[in-house]
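A.B. asks: Dropping the structure in here first, questions after.
The values are calculated or read from the model by the stated rules, or taken from the named source; none is laboratory data. Computed from a predicted model, the values in this text were never measured in an experiment. Glycine also receives a Cβ, built like all others from the backbone with ideal geometry; neighbour counts cover every protein chain displayed. When the accessible area is computed, the model is the full protein with side chains, heavy atoms only, and any ligands, DNA or RNA have been set aside. Shrake-Rupley method; radii C 1.70, N 1.55, O 1.52, S 1.80 Å.
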Amino acid sequence: MEEHSQHTKIGRSWHNWYILPVLAGVGLLITLMLTTQTPASPAPEPTQQAAITPSTPLGDQQLLLVGSKAELKFWDGVNQPEPRGTLAAWNVTITLDREREVLLSRNSVWLEARSLRDNQRLWHVPIHSQAAQFETTIVDVVHDPFAQLVWLLEKQTTNDPFQPATVRLRGLDSRSGVVLRQYQAPLVHEQPQVLPTAAGPWLLADGQLFGFDAARDGFGEPFFSQLEFAAVAADGQRALVFGAGIISEIDLLKRQTLNQTEFSHLAQLDRLQQLVVSPDLKTVVVVIDSSDTLGSALEIFAYDRAGNPLGLWQRPLVYYGDYSEHRDGRQRIRFLDNQHLILLHNTDLFEIIELATDQSFFMDLATSPMAEQPNYASFALIPKRSLMPAVDPPALKPVDSAIAAKAPLAPVPLAVQPLALLNDEEQTRQLTTEGLRGIWQQANIYSLARWNAAPLLIARADASLQILDPTNQTTITLDLELANVLGWSDLEGVSAPDNRSILLCYSYRFDMNEDSRFNQCLAFDLQTGQTRIFAELPDATYLTPIYWDGQQATIVGYTPGFGNDRYLVWQASANEPSQATHLLDSADMLQLWYMAGAPTVVYRDWDDQLQSYSILAHQAQMLMPTSNTKALGIDIAPDGQTMMLFERSYPWRYGTLLMFDSSTGLELWRDQLRQFQGQWSGDSNVYFIGQSHAINSRLVSVSRQGRLGESLLLADEFTLRKSDWFGQRLALQLNADLYLVERIDQHWLALASFSGIVRSTWLYVFKVIYVYPQP
């Protein structure tokens, strides 16, 4: 990645550590090691693995199968699957204690433990528990063969979402459910991954590794950064950690790096979903999400420890629009032993792959072609044992727990005032300090942003447009004069900076023939009602007006081409509509980014350079080199003077967020982070970075001078909805509640919260289209 990040940062404190340098393919990784050592727990005794053959495809193991309706079956790979009852409810996630023959399964309501021998329920606890103003939620269950217990990873929150959540780790006896150990995890944002080791439980969270410190009876200072995955060897004494394109093998007992490998041959697909590592750490299976417009697919690749493709093979696990609840590949991929991988395809076909030779055994669970096909959501490997008759435990009843009342917000005196405009596909409403009031009962409205003013709301009516100004509640009808057309669509618009006029583009058809599609663009003066139609338009399928100063129009044309998309940037004067200029076209650019209202576009040229282009000055400025191995996201400020650029290498999750000055190409700010929500304030002075995580989310504000004030911490995932013009007020959605927060001095303060107004389904899309500034 970038030069500054080739040396991985590890640790926060330099005392009580010594340094062990290890040469890596892209730099020098400094590994830090505690002088105090943690005594190792005895590793589980290795078992002799039976030979894998077509007649005994599972060796001395069998499959535990979980159906999509939580039905449980055992299968030896040869005979018919044996039904073993039904788990508590559908959509379950399973964890096994193989040594003590216990199956733990959880859904959104219950965690239960059952005996693998006879299916008897051993114990159960609710996923959510409430005590006064505190709520505890079980978010993960992990078996620890070294400590011989199961770890419950629990998130604990108060009834105030602006107070940080904490994470607790409780170790239970798997057969009795008795709590044997308990530790408090550090303050983290992401949900930690629990890594059982011979040196105690370790945690992977926020891209860092937290080692267990027996002297503290808890977790020590973190080390490494930008880690994405970690896996522990079967002996519990070594682990592989993966981040910034490098796999490092570490000694968990001595806390030092043993070796490193740069993985430079990974497929350039969208995003890593997970790594599955063989018990001896010699084979790495990489699962990459290759989602596209046709559907979602998990592509599987195997590599040896040198980073070389193993057998030059790949396998897909495909989910084409089935909305499967089990998109987690960990429930469908297992190592049978060090040399064999077993996959559960979405066709319910099991495949056992000998990785070194790419030879496969296929096992089909269908009893006959005419029989109803089984639908299995997950599986696990268990030892072959003699079984007792399966009992049928009584069904677990739904948990009826009272929800604690939300903590009251800090009292802030608010005069009666409008707060926001909301739209849910059926109507537009104004949210005020006194509640909601209807603005417009029109469905499917188009919101056209304006400069420091509420947006214009545009509804289509036959061959005309109804335009509502929410500020003064006036409605204007614009007749498009489209006679004898079959229909029209693709409405896009932009306002002039003085808000006196707008520029609209749309398409229309006379019949169903593709050749009958026509585009039209017109300028409309909101004061006089005068319209001016542009006679010459760019040759493109879709038109988007991106800048309009009242006299000159700039339009982006886009024509899809099945991997050969074409863009152009076109400009014309309303006073001379028959003349136009092509500013940029496909001969100049491979990719294009723009923001409606901003007089700047960004494009990637044929030399893999990112260029910023000023629409006003007709001048390009080089920003930085890039390549097609990079995923790019660019957010241009409304005034076009500043832009945010997020770059990550495929298929890594972490990337670099950079701020540039558009006219000079000067880099102003950068940070390393993962997926985020970004939004500019209307005046272009503040950029909001929302990092939504399962444990603690964070909202960061930056300007051209750097970070602004304190971050806002939220104890839940959230959606960054809308900022006001000046970046002082924000609408945030937490679950089904809408919060309005305001920056006061260097801190954020919650002004108001509203329940029951957020409605988002596959049919209704809830939007905050405007936040009113402070009166």
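A.B. asks: Answer yes or no: is there a residue in segment 284-301 that is part of a loop (DSSP other than H, G, I, E, B) and modelled with pLDDT of 80 or more.
C.D. replies: Here is the first cut: in segment 284-301, the residues part of a loop (DSSP other than H, G, I, E, B) are 290-291, 293-294.
The next check asks that each one be modelled with pLDDT of 80 or more; those that pass are none.
No, segment 284-301 contains no residue that is part of a loop (DSSP other than H, G, I, E, B) and modelled with pLDDT of 80 or more.
A.B. asks: Further question: Might you let me know whether segment 582-599 holds any residue that is farther than 19 Å from Pro545 by Cβ, part of a strand (DSSP E or B), modelled with pLDDT under 95 and of a type outside the set (Phe, Trp, Tyr)?
C.D. replies: Yes.
A.B. asks: Hey, another quick one. Specify which of the listed residues (Arg460, Arg450, Arg500) is in contact (Cβ under 8 Å) with a residue 24 or more places away in the chain, under 30 Å from Arg517 (Cβ atoms), of a type in the set (Lys, Arg) and open to solvent by 80 Å² or more (accessible area, probe 1.4 Å).
C.D. replies: Just a single option satisfies the conditions, and that option is Arg460.
A.B. asks: Oh, and also: Please enumerate the residues belonging to segment 606-640 that are farther than 16 Å from Ser662 by Cβ and either in contact with a Cys (Cβ under 7 Å, 6 or more places away or on another chain) or not in a strand (DSSP E or B) (or both).
C.D. replies: Passing the criteria: Trp606, Asp607, Asp608, Thr626, Ser627, Asn628, Thr629.
A.B. asks: Still on this structure, I have one more. Among the listed residues Ser248, Ser225, identify the single one that is within 18 Å of Pro192 (Cα to Cα), among the hydroxyl-bearing types (Ser, Thr, Tyr) and modelled with pLDDT under 95.
C.D. replies: Values: Ser248 fails: within 18 Å of Pro192 (Cα to Cα).
Exactly one of Ser248, Ser225 is within 18 Å of Pro192 (Cα to Cα), among the hydroxyl-bearing types (Ser, Thr, Tyr) and modelled with pLDDT under 95, namely Ser225.
A.B. asks: Still on this structure, I have one more. Would you check if Ala736 is in contact with a Ser or Thr (Cβ under 9 Å, 6 or more places away or on another chain), farther than 29 Å from Gly655 by Cβ and surrounded by fewer than 16 Cβ atoms within 10 Å (Cβ to Cβ)?
C.D. replies: On the way: in contact with a Ser or Thr (Cβ under 9 Å, 6 or more places away or on another chain): yes; farther than 29 Å from Gly655 by Cβ: yes; surrounded by fewer than 16 Cβ atoms within 10 Å (Cβ to Cβ): yes.
Against the criterion (in contact with a Ser or Thr (Cβ under 9 Å, 6 or more places away or on another chain), farther than 29 Å from Gly655 by Cβ and surrounded by fewer than 16 Cβ atoms within 10 Å (Cβ to Cβ)), Ala736 qualifies.
A.B. asks: Name the residue that is least open to solvent (accessible area, probe 1.4 Å), counting only residues in segment 71-116 that are in contact with a Phe, Trp or Tyr (Cβ under 6 Å, 6 or more places away or on another chain) and not charged (D, E, K, R).
C.D. replies: Looking at residues that are in contact with a Phe, Trp or Tyr (Cβ under 6 Å, 6 or more places away or on another chain) and not charged (D, E, K, R), I get Ala113.
A.B. asks: What number of residues in segment 641-673 are modelled with pLDDT under 95, buried (at least 19 other Cβ atoms within 10 Å of the Cβ) and in a loop (DSSP other than H, G, I, E, B)?
C.D. replies: 3
A.B. asks: Provide a single number: the residues in segment 119-137 that are open to solvent by 20 Å² or more (accessible area, probe 1.4 Å) and not in a strand (DSSP E or B).
C.D. replies: Within segment 119-137, residues that are open to solvent by 20 Å² or more (accessible area, probe 1.4 Å) and not in a strand (DSSP E or B) number 3.
A.B. asks: Moving to a separate point now. Within the group Gln551, Gln609, Gln621, which residue is polar (S, T, N, Q), in contact (Cβ under 8 Å) with a residue 40 or more places away in the chain and open to solvent by 40 Å² or more (accessible area, probe 1.4 Å)? I'd like the intermediate steps shown before the answer.
C.D. replies: Numbers: Gln551 fails: in contact (Cβ under 8 Å) with a residue 40 or more places away in the chain; Gln609 fails: in contact (Cβ under 8 Å) with a residue 40 or more places away in the chain.
The unique qualifying residue is Gln621.
A.B. asks: Let me ask something additional. When the residues of segment 582-606 are narrowed to those that are free of Cβ contacts under 8 Å to residues at least 60 places away in the same chain and of a type in the set (S, T, N, Q), which ends up nearest to Pro455 (Cα to Cα)?
C.D. replies: Gln591
A.B. asks: Something else now. Quick one: what pairs do we get from segment 737-766, first residue in a strand (DSSP E or B) and β-branched (Val, Ile, Thr), second modelled with pLDDT under 85 and surrounded by 11 or more Cβ atoms within 10 Å (Cβ to Cβ), C-beta under 9 Å, 6+ apart or different chains?
C.D. replies: Ile744/Val412
A.B. asks: To continue, here is another question. State which residue is modelled with the lowest pLDDT when the search covers only segment 503-535 and only residues that are surrounded by 15 or more Cβ atoms within 10 Å (Cβ to Cβ) and of a type in the set (Ser, Thr, Tyr).
C.D. replies: Tyr508
A.B. asks: May I ask you to say which residue of Gln427, Gln441 is open to solvent by less than 50 Å² (accessible area, probe 1.4 Å), under 22 Å from Phe766 (Cα atoms) and out of contact with any helix residue (DSSP H, G or I) (no Cβ under 8 Å at 6 or more places or on another chain)?
C.D. replies: Working: Gln441 fails: open to solvent by less than 50 Å² (accessible area, probe 1.4 Å).
After ruling out the rest, the residue left standing is Gln427.
A.B. asks: Continuing with the same structure: Sort out which residues of segment 95-111 are in a strand (DSSP E or B) and either more than 21 Å from Lys397 (Cβ to Cβ) or aliphatic (A, V, I, L, M) (or both), and write them in order of number. Steps first, answer last, please.
C.D. replies: Our first condition is that a residue be in a strand (DSSP E or B); within segment 95-111, this holds for 95-97, 102-106, 110-111.
Of everything in segment 95-111, those that are in a strand (DSSP E or B) and either more than 21 Å from Lys397 (Cβ to Cβ) or aliphatic (A, V, I, L, M) (or both) turn out to be Thr95, Leu96, Asp97, Val102, Leu103, Leu104, Leu111.
A.B. asks: All but one of (1) within 34 Å of the chain's Cα centre (by Cα); (2) of a type outside the set (A, V, I, L, M, F, W, C); (3) open to solvent by 40 Å² or more (accessible area, probe 1.4 Å); (4) more than 27 Å from Asn159 (Cα to Cα) hold for Pro408; state the number of the condition that does not hold.
C.D. replies: All conditions are met except number (4).
A.B. asks: Sticking with this one: Could you list all residues from segment 433-470 that are more than 16 Å from Pro418 (Cβ to Cβ) and outside any strand (DSSP E or B)?
C.D. replies: Matches in segment 433-470: Gln441, Gln442, Ala443, Asn444, Ile445, Trp451, Asp462, Ala463.
A.B. asks: Another question about this same structure. Scan Tyr603, Tyr558 and give me the residue that is among the hydroxyl-bearing types (Ser, Thr, Tyr), touching a Phe, Trp or Tyr at 6+ places or on another chain (Cβ under 9 Å) and open to solvent by 40 Å² or more (accessible area, probe 1.4 Å).
C.D. replies: Details: Tyr603 fails: open to solvent by 40 Å² or more (accessible area, probe 1.4 Å).
Exactly one residue qualifies, and that residue is Tyr558.
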